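Below is one structure, written out as structure tokens; the observations come after it.
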Amino acid sequence: MDGTGGTGAALERAAADADVVEGWLRGLAGNRALPVEVLARLLEFDEPSMPTPWLRHRPLDAAATELVVASPQVQHRLDVTENPTADVDVLARLARDPEPRVRFVYAVMLFEHRRRIPAGVLEILAEDPEPKIRRIVRGGGAPPVAAQEPEAPVLTPEQRVTHPDRSVRLEAAADPGLPTALVLRLAADPEHDVRLAVSLREELTDDQRTAIPCTVPQRFWSPPSWIARQATDPDAARRIASSAHLGLRRALAAQPHLPSDVVTLLAADEDEWVRRTLAEHCEDAPHELLVELYATVQDRYWSGFRHHRNFARPGLARFADDPNPRLRNAALDDPEAGPELPLKLADDPEVSARAVSDPRLPADELLRRLAQPAHAAAAAGNPALPVAVMHHLLDLAGAH
């Protein structure tokens, strides 16, 4: 067969193995270079053989979205509503889908993804025969204004800092309009979160902050708004980066852009969560820090560092023989490495899936791996796989 050379017979023999065929289908489903005509054929496979959650995650242009929206299988149409890359104008047809479940999920996802809503869609859904769909579009049936609780009375500053309700004192502690002398009375508040909020006020000195007994949680996601404002001032950012208060340093590290010397300071911070916050949120996080965290972090977030824009760099191929499998995996992100790198790692049991799916893998080796049960899925997912071979795999899968 054109495109497979002498491997055609090997593929035909391999098609007798159900695990190989399943691997082809899974691999093609995740192949980002899949043309729309191959996608059309892939959708024809029975759902038990070709489960469709992949339709929620793979990129879909307008032509591919149109194909899935028109599918006779309800599950296909359900899944495409949850795909954030699907074309919004084509998806709009689902507002009139004959299946209520599809219309319901489509209505939910309109607001979940916060994307542009085509003209007329909300009006169609607002008149849907299903009450639950109408409620989604009309705001979920909030109680009328007359039934809502009356507004709370206005409190004096003194009443706010001595109020028995913790939430009132917490709001006062973070209010920049409240006099510092009055707020500092809350530095000894029995509630930890109130004391923490006081310690984060903009006008306090570092000595005042460190004198307040409080602990900053590891994942500190409530940075005070003044941090973002001062982060654009190099001198102010340097002062914050050198603060003894962990919360300020972590909040600063979460800013999308920082001066280079401030990034250097935070990347060398003694606190792991300052460094992690920098790597997870700052677009200027240094390559060396990203690689270090990728190799060492022990929770489920470790793999995310690979997706930072500063992770892939020339020179990563030096890790191809590293005892740490994460670093051997990182070697494949070297943009200047040649075909010898994925070829070298294709039989490494801990990184072979990425190596075999690497478009730099030599073409003859890629075709050979298609016939191997352990590598069939990764090979079918390789974006360098010829379209003719994709069709051949589906021919063989359909015949078996």
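Report the Stokes-Einstein translational diffusion coefficient (µm² s⁻¹, integer) for segment 213-272, Rh taken as the Kirkwood radius over Cα pairs, at 25 °C with viscosity 0.890 mPa s.
Details: Rh = 11.5 Å.
Diffusion coefficient, whole number: 213 µm²/s.
Dividing the alpha-carbon Rg of segment 161-305 by 2.2 N^0.38 Å yields what?
Numbers: Rg = 16.1 Å, N = 145, 2.2 N^0.38 = 14.6 Å.
My calculation over the Cα atoms of segment 161-305 gives 1.11.
Provide Cys214, Cys282 ordered by accessible surface of protein heavy atoms (probe 1.4 Å), highest first.
Numbers: Cys214 40, Cys282 0 Å².
Of Cys214, Cys282, the descending order of accessible area is Cys214, Cys282.
Remark: the His391-Gln298 segment gains 29.3 nm on full extension, using 0.36 nm per residue and subtracting the alpha carbon distance. Along its principal axes, the chain has C-alpha extents of 84, 61, 31 angstrom, given from the largest down. Within segment 40-116, all pairs of alpha-carbon atoms sorted by distance into 5 Å bins from zero give the percentages 3, 18, 31, 27, 15, 5, 1.
Over all pairs of different C-alpha atoms, segment 285-400 has a mean inverse distance whose reciprocal, the Kirkwood radius, equals 15.1 Å.
Given a 1.4 angstrom probe, I'd like the percentage of the accessible area of the chain that is carbon and sulfur, rounded to a whole number.
Details: 10920 of 20190 Å².
Roughly 54 percent of what the probe reaches on the chain is carbon or sulfur.
Over all Cα atoms in segment 95-251, the spread is summed up by Rg and Dmax: 23.2, 66 Å.
What full-extension length gain, to one decimal in nm, is calculated for Ala374 and Lys132 as 0.36 nm per residue of separation minus the Cα-Cα distance? Extending this stretch completely gives an extra 82.5 nm.
Stretching Asp206 away from Asp61 to a fully extended chain increases their span by 46.9 nm, per 0.36 nm per residue minus the current alpha-carbon distance.
Normalised by 2.2 N^0.38 Å, where N is the number of residues, the C-alpha radius of gyration of segment 349-400 stands at 1.08. Annotation note: trypsin sites (Lys or Arg not before Pro) in segment 255-361 located in DSSP loop regions with a Cβ neighbour count of at most 14 within 10 Å are Arg300, Arg309.
Using a probe radius of 1.4 Å on heavy atoms only, what accessible surface per residue do you get for the chain? Whole Å² is fine.
50
Evaluated at q = 0.17, 0.19 Å⁻¹, the base-10 log of the normalised Debye intensity for segment 218-374, with identical point scatterers placed on the Cα atoms, takes the values -0.91, -1.04.
The values are calculated or read from the model by the stated rules, or taken from the named source; none is laboratory data. In this text, all values refer to a predicted model and were calculated from it rather than measured experimentally. Backbone-built Cβ (ideal geometry, glycine too); neighbour counts: all protein chains shown. SASA here: full protein model, heavy atoms, side chains in, ligands and nucleic acids out. Shrake-Rupley method; radii C 1.70, N 1.55, O 1.52, S 1.80 Å.
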